[in-house]
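Here the structure is laid out as structure tokens; the discussion comes afterwards.
The values are calculated or read from the model by the stated rules, or taken from the named source; none is laboratory data. A quick note: this is a predicted structure, and the numbers were derived from the prediction, not measured. Because the Cβ atoms are built from the backbone with ideal geometry, glycine has one as well, and the counts that use them run over all protein chains shown.
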Amino acid sequence: MFGTNLLTIGLLLLADVFYAGEPVLNTAGRFEAVAALLGLILTAVFVIGLLERKNKTSLRMRYDALAAILIFAGGVILLYLLQM
């Protein structure tokens, strides 16, 4: 999760360097903003899960993993609805 987010930020930098025109983030729309917010929220959930090291589990997973799955599923549905 953390490596993918760092790679994406690096790709944005490269795209901004090689894109002729206005900055790349200025051309982002609602879909991209929601996707970025989803990535930020998921990263925050995993950071909280790393800081809180209790062994509470449900369905053989820690609560942060369950929360991440639910947030991801909800985010994918929201992104799908934005495309309609």
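For this structure, a couple of remarks:
- The number of residues in segment 20-57 being surrounded by 12 or more Cβ atoms within 10 Å (Cβ to Cβ) and either among the charged types (D, E, K, R) or not in a helix (DSSP H, G or I) (or both) comes to 2.
- Selected residue [closer than 24 Å to residue 83 by Cβ, modelled with pLDDT of 85 or more and of a type in the set (A, V, I, L, M)] from 37, 66, 50, 25: 37
- Meets criteria (under 14 Å from the mean Cα position of the chain (by Cα), part of a helix (DSSP H, G or I) and in contact (Cβ under 8 Å) with a residue 12 or more places away in the chain) for residue 71: yes
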